[in-house]
Structures are given as C-alpha cells and as structure tokens.
Amino acid sequence: MSHACTPPTLDRRRSCIVAALLAALLPWLGGAPQATAQRPGEPAKVIVEAVADRTSYLPGEVARLALRAVVEDGWHIQSNTPSFEYLIPTEAVFTVGGGLSPGEVLYPPHEMWQSSFEAEPLAVYDGEVVFLTTVAIPTTHPAGDVTVSSTLFYQACDERICLRPTEATYEMAISVGAAGEEQLPELFAAAQAALDGAVAPPSGGSPGAGAGWTMPARAPGLAWMLVLGVLGGLILNLMPCVLPVLSLKVFGLVGSAGKGDLYVRTGALATTAGILFSFWILAVGVIALRGAGQAVGWGIQFQNPVFVALLAVIVVLFSLNLWGLFEIPMPGVLRGVGPGSGLAGHFASGLFATLMAPPCSAPFLGTAVGFGLSQPAWTTLAIFTAVGVGMSLPYLVLALRPGAVRLLPRPGAWMETLRGVLGFLLAGAAIWLLFVLAAQLAPVTLALVQAGLLTIGLFAWLMHRSRSEQPRRAWLPRVAALGMVLASVAVLLIASRADGNAEREAGGGRLAWTPFDRAAAEARAAGGELVFVDVTADWCATCKVNERVVLESAPVVEAFERLGVVPMKADWTNRDDAIAAYLADFGRYAIPFYVLYRPGREPHVFGELLTRGSVLEVLEESALPASSVAQELGPAP
C-alpha cells in the first residue's frame, strides 16, 4: 500500500540528489501554497468546532479559545511537526476581528502510528484533537461581539491513500462587556493537561502569510515527483498521440538541415516554449476548475466534444496542406506548424503536440500528475512544468547541439513522398478523433460533423484547382478560403450540440464486462469474489492498447474465467463526477486506472501500462486464500 502523497518506498538520499531540480524549475514561484476548501458533497474526514471558555468577557480579561477536531475512525492527519519533510503538516489558524490578535497556538502531543509502507512510525493525530490559543482583550476595548474564525489546514490519510490537502473553518463570536459564565471546563482542562508543554510556532496570520504553509524548497517527496514528471514527459514523445506531430517536426528538421545552427537552435527553443506555455495553460485550467469544485484529471478536455472537433479540424487542415491541396491560408500563428515554418510555427507545433498528448499516459506520468493534482496550486504548476520540460528534452538537446540535424538525410525529391506519408499519418489521427466523437455525439450529429470535415476538403480541392486553371479566377481562392473557415466554424457549432449517446454499453470484446458499481464491487469482494475494475475512456489511447493487447488476450481471458474474476468497466469518455471521485479516493487523477478487489485483503492497484505476466501473476496470487498468502510470506517483522 502507499499514500497518494508519497512514493511507497522513498529513497531520501536519492531524492536529495535531485532536489536541485525544484530550484531550477521554480525559482520564481514564491509564497506559500493554499489549501483547498472542502468541496460540496465531498465526504468530510475531519469535523471541526471552535469554542470559548466563557460566555462573555470583561475588558482586560484573557479569552481562551479551542479548536476541536474530530477525525473519522480509520483516518488520521499529520502532526504539526510531521516525521518527514514531504508530509503535509496540520496547521491551526485563529483570526480575530476587532483589532485583536491571538496568541501562540498550542498543539497537543502527537501519537506515533506505524504504517505498512514506511519502516519508521509517523507522527499523527487521530480521534479527538484540541488546539488552544488565547486572546488578550484590552481594558479600553468597547463592548460588543468580536468575530473569531478558526481554520484547520490538514491532509487526511488512511492506511491506503491520502486525500488532497484541505481546510475546514468554523466561525463564531465572543462577547465583550460583562463577566460571563464558564463553559466546557472539562474540555479545556483535558486539553491543557494533554499539552504537556508542547508549544507550536506562532500562527496568527492568514493561510499562506506566516501560517506555516511554506513547503521546504528541497522537499524530497516533491523533488522525486518532479523527476517522475520529467521522465513521463520524455516518454510521452513516443506515445501514439504525439507521434504524428513529432513526425511533422522531423520533416521540418530535415528541411532546415542546411539553414545553419542558429536557425535550428531558435526553432528548437521556440518549440520548447510552445510546449511549456501549453502545460502552464493546462495547469492554470485545472487549478481554476479545482478551485470551482469541479473534477479534474489528465486529459479531461477530451470529454468536451467541441475540443475534440477543433482538433479534428486542425488535423484535417494539416493533412490537406501536406498533400499540397492548399498553402495554408490560416492565421500566421498556425501557418508554420508544418515543414518550412518560422518561429511562430515552431511555437505552434509545441502547442499542438501538447494538445494531442493528454489522451496518452506514459510510465511515471500518472503518478506524477496524480500527485500534482492532489496538492496545492503551486505544486500542481511545478509538476506540469516538469512534464513539459520532459516532453521538451529532445528539443532542448537539439538547441544545445544543433549540428546533430546534419546527421539526417539531405533534402531532395524524396521529401515530397515523405510529405504525403505524413499527411496520411495525420489523417489517421483524424479518424481516431472521430472515434472519440462517436462516443460523445448522436449518430446524426456525428454525420454532420463528418460532412463538415468533407466540406473543408472540398474547398481545399477547389483552391488547388484554381491555381492551375487558365484563365485564373482571382476570386475563387478567396471564396474557397472563406468556405473552409465557415465549414470549420460549422463543425464546432454542430459539435457543441452534445446530445451524445447517454446509454453506452459497458461490454465489448472477449471479457463479459459489467457496468461499474463501486458498492457492488466492494460487496462482491467481501463475499469472496475477485473484482477487476477498469477505468477507461474512448479518448484514452493507452487504455485501448492495454485492453486489446493485455486484457482481451487469450491467457488473461482464460484466467478471468477460471478464477471467476468479475470484470467491471467504468467509462470516463464523458464527464462523470462519480468516477472522478472514485479515482481521487485512490489518489489518482488520470487514466488508465486498474484495481483488483480481493477478499480479505486491500485492493491491488496496477500501473498505467499493463503486461500479461503482471496481470496473471496478481490474479493467481489473489486467488489464494488470505491465510495461505500470510503463511507464504511468513510472520511480519
């Protein structure tokens, strides 16, 4: 088992070696991260309540305030002085109105909790926890009510996962004027007795302003996740979603081999800038959605049919251009994505590569992005930056060694043939995008989108014919260009009518898939059955590869049938907040995601890329009784 916020077995010495990566990526990200407010409908693992020790106070008296937190059974929150730097500390913040300031916050002593993933015990709070502070009321303070806002910043964890850092706030008022009666003396007496001299650093400010929420610049957990993000971004270049765009860049590099090192270097840097800019836009978007209480995840923009249709239009236009049907009468920013591009074109190719990347998940990518989406805003931005840096590494290497372009074949007539082949590669990407739209739009609406794309091709053909006609008609290319623009807009308007297939079949393939039902999966596992859950989507290329190559293969299907494994499929092609919440409970925000429910044991979570051997091994081991597994493993150390 592992916490979502940390790697299961973290090598701190290795993490310290790479800690400098954080400073390199984020020298300009100052300030403290903000915890996220509790989302409506999200199960609360911690309930807070604030109280005062008297019903009212005379001017000149000292008010004692308590923030009482009750942690749900089976869960805990970290101590305000956690065992390791990468853990999120619990922080209590009191804000008092009327010009008054609270004193130091007194934290109770923590308990040491032994987890299954860390050899050393962790300092945690569980059950009922009380945080104390005082407010000195000046003798000149006028009578009246004084508002008090008490906020607890924390991250709730259990043996299996950690939820995202969050906050819980309780508002109340204390009355100043007359001598009041004592209230809840047992609570304050017990809290004072439990303190035993444990005093925390001052925290009278607002969150992020002296409230103790400054992440150490060399936090090993974050540094290691940044490394995983870079590796995942690098591998992303080899995934089928990005390869068509990468092929365009290769073609452009061949054409630029004779233009000098400066041209190659600036083009590579412009492409890198486009990739990083795109990842920053994605990061800001998911941060904004998360702040609005929306479900977030890697690739969720592909749940929007208008976005998918826009990509289909762009891909079709690029294909037609590569086939020589028109000379791209598009805005200059987009004009250079193909071969022979300028700086704006190189920048746009970086944008396009990033737009095509989210449907694919590479090794290490899901872990890094899942960590980033569960953390405060600045950490999310750091992780997305790391993924962008990884995806840009080939171009950064080329910027450092531009002479490497001369190793490519010299330009020649063969480039026209390659140009046509690359056009067909992009046309294949358009077919895949239409496959995604088929799961989002009704058949009639999809047919209209396809007709719109065909109309774009018709006007491109007319533009091509107009160049060879004698006498030439000057107005025809303009009409054709206008027709292409209008047809593109029409495709987007049609796609915005998301009247899609509400009823989607969970089945298909050789396995008898049943629709996902979390309660049913847990109940069937409790009843002695193995339940395999596949969270997938039609826009997730990695999901489809795993399903075709591994899950639908004869050995795996035979094992499912022989061991009585119940296959359940959760379809995330279209937005589904229940599936998003299910992923978040496992600390995941990206797909593919696979989990096997096992009787008498914790669920087993698979990696993003499946192999037949790994799936069969886990299935066979999970089919054994829990007692047999314990005997094979021997007594716990």
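The values are calculated or read from the model by the stated rules, or taken from the named source; none is laboratory data. In this text, all values refer to a predicted model and were calculated from it rather than measured experimentally. No Cβ is skipped: glycine too gets one built from the backbone with ideal geometry, and neighbour counts run over all protein chains shown. Only protein heavy atoms, including side chains, enter the accessible area calculation; ligands, DNA and RNA are left aside. Shrake-Rupley method; radii C 1.70, N 1.55, O 1.52, S 1.80 Å.
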Condition (residue is part of a helix (DSSP H, G or I), modelled with pLDDT of 80 or more, of a type in the set (Phe, Trp, Tyr) and open to solvent by less than 30 Å² (accessible area, probe 1.4 Å)) applied to the range 419-432: is it met by at least one residue? no
Being hydrophobic (A, V, I, L, M, F, W, C) and open to solvent by less than 30 Å² (accessible area, probe 1.4 Å) is the filter here, so list the residues in the range 444-458 that pass it. LEU446, VAL449, LEU453, ILE456
GLY607: farther than 20 Å from GLY372 by Cβ and at pLDDT below 90, yes or no? no
So for the range 527-539 (the condition being surrounded by 22 or more Cβ atoms within 10 Å (Cβ to Cβ), closer than 27 Å to ALA156 by Cα and charged (D, E, K, R)), does at least one residue qualify? yes
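Yes/no matrix, rows are residues, columns are (1) assigned to a loop (DSSP other than H, G, I, E, B); (2) modelled with pLDDT of 85 or more; (3) open to solvent by 60 Å² or more (accessible area, probe 1.4 Å):
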{"site": "ALA168", "(1), (2), (3)": "no, yes, no"}
{"site": "MET172", "(1), (2), (3)": "no, yes, no"}
{"site": "GLU186", "(1), (2), (3)": "no, yes, yes"}
{"site": "PRO201", "(1), (2), (3)": "yes, no, yes"}
{"site": "TRP213", "(1), (2), (3)": "yes, no, no"}
{"site": "ALA223", "(1), (2), (3)": "no, no, no"}
{"site": "LEU226", "(1), (2), (3)": "no, yes, no"}
{"site": "VAL230", "(1), (2), (3)": "no, yes, no"}
{"site": "LYS259", "(1), (2), (3)": "yes, no, yes"}
Within the range 119-135, residues surrounded by fewer than 18 Cβ atoms within 10 Å (Cβ to Cβ) and at pLDDT below 85 come out as ALA119, GLU120, PRO121
Please find, within the range 584-621, the residue that is surrounded by the most Cβ atoms within 10 Å (Cβ to Cβ) out of those that are touching a helix residue (DSSP H, G or I) at 6+ places or on another chain (Cβ under 8 Å) and in a helix (DSSP H, G or I). VAL615
Failed item, numbered, when LEU441 is tested on (1) surrounded by 23 or more Cβ atoms within 10 Å (Cβ to Cβ); (2) at pLDDT below 85; (3) closer than 25 Å to LEU276 by Cβ: (3)
Of all residues in the range 46-90 being open to solvent by 50 Å² or more (accessible area, probe 1.4 Å) and in contact with a helix residue (DSSP H, G or I) (Cβ under 9 Å, 6 or more places away or on another chain), the one that is farthest from TYR125 (Cα to Cα): ARG64
Going through the range 478-527 in order, the residues found to be modelled with pLDDT of 85 or more and in a loop (DSSP other than H, G, I, E, B) are LEU511, ALA512, TRP513, PHE516, ASP517, GLY527
